[in-house]
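Here is the structure we will look at, set down as structure tokens.
The values are calculated or read from the model by the stated rules, or taken from the named source; none is laboratory data. A quick note: this is a predicted structure, and the numbers were derived from the prediction, not measured. For neighbour counting, all protein chains shown are included, and Cβ atoms are generated from backbone atoms with ideal geometry for every residue, glycine included. For the accessible areas, the whole protein counts, side chains as well, though only heavy atoms, and no ligand, DNA or RNA atoms are used. Shrake-Rupley method; radii C 1.70, N 1.55, O 1.52, S 1.80 Å.
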Amino acid sequence: MLCPFQGCDVVRDVVASVEHPASWARRAGANLAVKTETGKIIHAKRVLLATGAFTTFRRLLPAHLRPDVQLTAQTVFLVELSENDAVRLQRMPSIFTQPTDEGKGYYILPPIRYPDGKFYMKIGHSERWELVVHTEEEVRDWFRSKGNPEAIMTRPPLDLLPGVTPVSVHRDACVTVKTPTRQLYVDMVTTSLGVALGGNGWSAKSCDEIGRMAAKMILKGQWDYDLPAAQFRVRWAAGQQKPKL
């Protein structure tokens, strides 16, 4: 994690809500109060939500406002590599394929060292073994499940990497946030609250630049990028409108 090296304070806690601050905090310059499950209150001028599948399971957005998204449970594979293979592939780009045969696409992320000290490539298999989930309990249960036990690692992704010999293959669970536009939501919800949401299963390859785009927006409080803001605007669930405040 690079945040501490850039002067950030990392608070290891679960956010319960984002609310209007008390009057004394507002007078001191705060626009929002972030409250955690352990009772901490963090005041801020602006807040960026990059909370993925859990965005609508807490009081993070203005009341009765829900983004138009679908939560899709997916099975992925972690392919363990030797350190020699990992070093050899350290300049490998993220790979995303979308063949004409529905459900036959996949993505491959470059190998990184995981907390257990081993190197893994993450491989996802497009629409195969997908399951739509709706509640926080369903999402939590899916992450604990380690994915669909019937899912089998196929050979084609590894055929793109000649000479690579997996040490082991582990099944794992993932949840993708899909938008009806198949495009990211990076937008200011209010003048002090922004979102970066809806990776659609392909955003890991571009996550550094997406993070920069969202960070520039929240620092300035408005769109600040060389692509059209309308391309990333949030769509709300039917009958809902973006708040004016």
- request: With a 1.4 Å probe and every protein chain left in place, tell me how much accessible area Ile41 has, in Å² to the nearest 10.
  value: 90
- line: Surrounding charge for Thr176, neighbours by C-beta under 12 angstrom, Lys/Arg +1, Asp/Glu -1, total 0
- prompt: Just the accessible area per residue of the chain, please: how many Å² with a 1.4 Å probe?
  reply: 59
field: Relative counts (whole %) of C-alpha pair distances in the stretch 167-245, using bins that are 10 Å wide
entry: 17, 46, 26, 8, 4, 0
Distance histogram in 5 Å bins (all Cα pairs of the chain, percent per bin): 1, 6, 11, 15, 17, 16, 14, 10, 6, 3, 1, 0, 0
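Viscosity 1.567 mPa s, temperature 4 °C: what is the translational diffusion coefficient of the stretch 43-100 from Stokes-Einstein with a Kirkwood Rh over Cα pairs, rounded to a whole number of µm²/s? Let's see the in-between values first.
Values: Rh = 16.3 Å.
After rounding, the answer is 79 µm²/s.
Please express the shape of the stretch 140-193 as an equivalent ellipsoid: the semi-axes are the square roots of 5 times the eigenvalues of the C-alpha gyration tensor, given largest first in whole angstrom.
34, 18, 11
What does the C-alpha gyration tensor say about the overall shape of the stretch 1-60? Classify as rounded when a/c is under 1.5, otherwise prolate if a/b is larger than b/c, or oblate. List each step's numbers first, then the result.
Numbers: a/c = 1.81, a/b = 1.16, b/c = 1.56.
Because a/c hits 1.5 or more and a/b fails to exceed b/c, the stretch 1-60 counts as oblate.
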- request: Report the accessible area of Leu60, computed with a 1.4 Å probe over the heavy atoms of all protein chains in place, in Å² rounded to the nearest 10.
  value: 10
statement: Taking Cα pairs closer than 8 Å and at least 6 residues apart, the relative contact order of the chain in percent is 22
message: Distance cut-off 28 Å, Cα to Cα: go down the list Lys118/Lys146; Lys178/Lys216; Lys146/Lys178; Lys122/Lys220; Lys35/Lys216 and report the pairs above it.
response: Lys122/Lys220
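Could you give the Stokes-Einstein D for the stretch 73-152 in µm² per second, using the C-alpha Kirkwood radius, 10 °C, 1.306 mPa s?
On the way: Rh = 14.2 Å.
Once the numbers are plugged in, D ends up at 112 µm²/s.
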Spatial separation of Cα centroids for the stretch 22-63 and the stretch 105-162, in angstrom: 32
